[in-house]
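The numbers here are math on the coordinates, done by the rules we state, and not lab data. None of the values given here were measured: they were computed from a predicted structure. Neighbour counts are summed over all protein chains in view; Cβ atoms, including those assigned to glycine, are modelled from backbone coordinates with ideal geometry.
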Amino acid sequence: MMSAATTRAPKLQVRNATKIYNTRSGDLLAIDRCSLDVQAGEIVSIVGPSGCGKTTLLWSMSGLHGLTSGNVLLDGRAITGPNPEIGMVFQEANLLPWRNLAANINFPFEIKGTRPDRIWIDELLGRVGLEGFGGRFPRELSGGMQQRAALVRALSFKPSVLLMDEPFGALDAFTREEMNGLVEEIWLDTQTTIVLITHSIEEAIFLSDRIIVMSPRPGRVASVHEVPFARPRTLEIMSTKEVFDLTNIIKMEIVGEQQSRYRQVSGAEAPARPART
Ligand code: ADP
Ligand code: MG
């Protein structure tokens, strides 16, 4: 007998997602039959070499662009365009420079002609430490503050899914750790389903229930790792040998794949890789 938990439909289902870009120099197969499920309330990270199709996959999940074949289902229904249930955070905060912070957060509501929930937005601003900064312009905010504003903007609609594309990649390590803690706090509170693309295996392990490793382009799901560590993931937990080992396994998968491709393409030995122990 299956339990209720295992029979519950996934929040997000990606089925055989394939995307070909038609470029001037010909067709480019970016992702090839990617399939994955994300359960409600789960945090899943996607890692993989640069150019393997992570952004392509995430944009398909958000409905920002269509797939060549395959589909993405949200609560069992195909996603065909942008959806208020899905919030997005990009690597760049993408704030409009001529609007102050409050007007930036208001902007998507103005476009849609809907009324923002002021109380919720104030709560979010307080949570990310931007209370009282509504009148500031983007140029007056640090990179970390801009990215926190982008997070507030994404959550202002109360989406049930938050998709983030290397959201903290441009931040310094310390600010990045702060942001990770913030995402964890918000997740503990709201149980938002989160898909996070990241270059940082450490960030992926800190935040995720599962980590999906993609192959080099055309991106496929190469492997899936459960992250079995208790939450909240304290510095103590993050310093254990288990975390260290998982980090290395994932790194080797990404680097190892790239090096074997390098050999195929160049016919030469790739630079020495660290010995597997
Ligand atoms: P990643 O996010 O993993 O770095 P992307 O999804 O951005 O990878 O890109 C995957 C591949 O698709 C890359 O080779 C990239 O150059 C190509 N690509 C991405 N977007 C487009 C586009 N709009 N038109 C043509 N090619 C694209
Ligand atoms: Mg990308």
Q. For the chain, with only Lys/Arg (+1) and Asp/Glu (-1) charged at the beta-carbon, what is the dipole magnitude about the Cα centre, in debye rounded to 20?
A. 820
Q) Reachable aspartates and glutamates from Lys112, Cα under 15 Å, same-chain residues fewer than 8 places away excluded? A) Glu85
Q | Two-site label geometry, His65 and Phe90: point separation in nm, points 7 Å out along Cα→Cβ | A | 1.2
Q | Cβ-placed point charges (K, R +1; D, E -1), dipole of the range 1-112 about Cα centre in debye, nearest 20 | A | 120
Q: Report the full-extension gain for the segment Leu29 to Thr114: residue separation times 0.36 nm, less the Cα-Cα distance, to one decimal in nm.
A: 26.8 nm
Q) In the chain, what percentage of the DSSP-assigned beta bridges are antiparallel, given to the nearest 5? A) 55
(Q) What do you get for the angle between helix 118-127 and the principal long axis of the chain? Use alpha-carbon atoms, 0 to 90 degrees, nearest ten. (A) 60
Q: For Ala9 paired with Glu140, estimate the spin-label separation in nm (one decimal), with each label point 7 Å from Cα along the Cα-to-Cβ line.
A: 4.7
Q: Excluding Gly53 itself, calculate the net charge of residues whose Cβ lies under 9 Å from the Cβ of Gly53, where each Lys or Arg counts +1 and each Asp or Glu counts -1.
A: +3
Q) By how many degrees, between 0 and 90 and to the nearest 10, does the Cα long axis of helix 101-112 differ from the longest principal axis of the chain? A) 80
Q) Using 1/(1 + (r/R0)^6) with R0 = 30 angstrom and r between the beta carbons of Asp75 and Thr247, what's the FRET efficiency to the nearest 0.05? A) 0.35
(Q) Along the Cα→Cβ direction, 7 angstrom out, place labels at Ile237 and Ser223. What is the inter-label distance in nm? (A) 2.2
Q. Once amide H atoms are placed 1.01 Å from N in the peptide plane, what residues at a sequence separation of 5 or more from Ala222, or on another chain, have their amide H within under 5 Å of its amide H?
A. Val213, Met214, Ser215
Q. Just the Cα atoms of the chain, one point each, no solvent: what log10 I(q)/I(0) does Debye give at q = 0.14 Å⁻¹?
A. -1.08
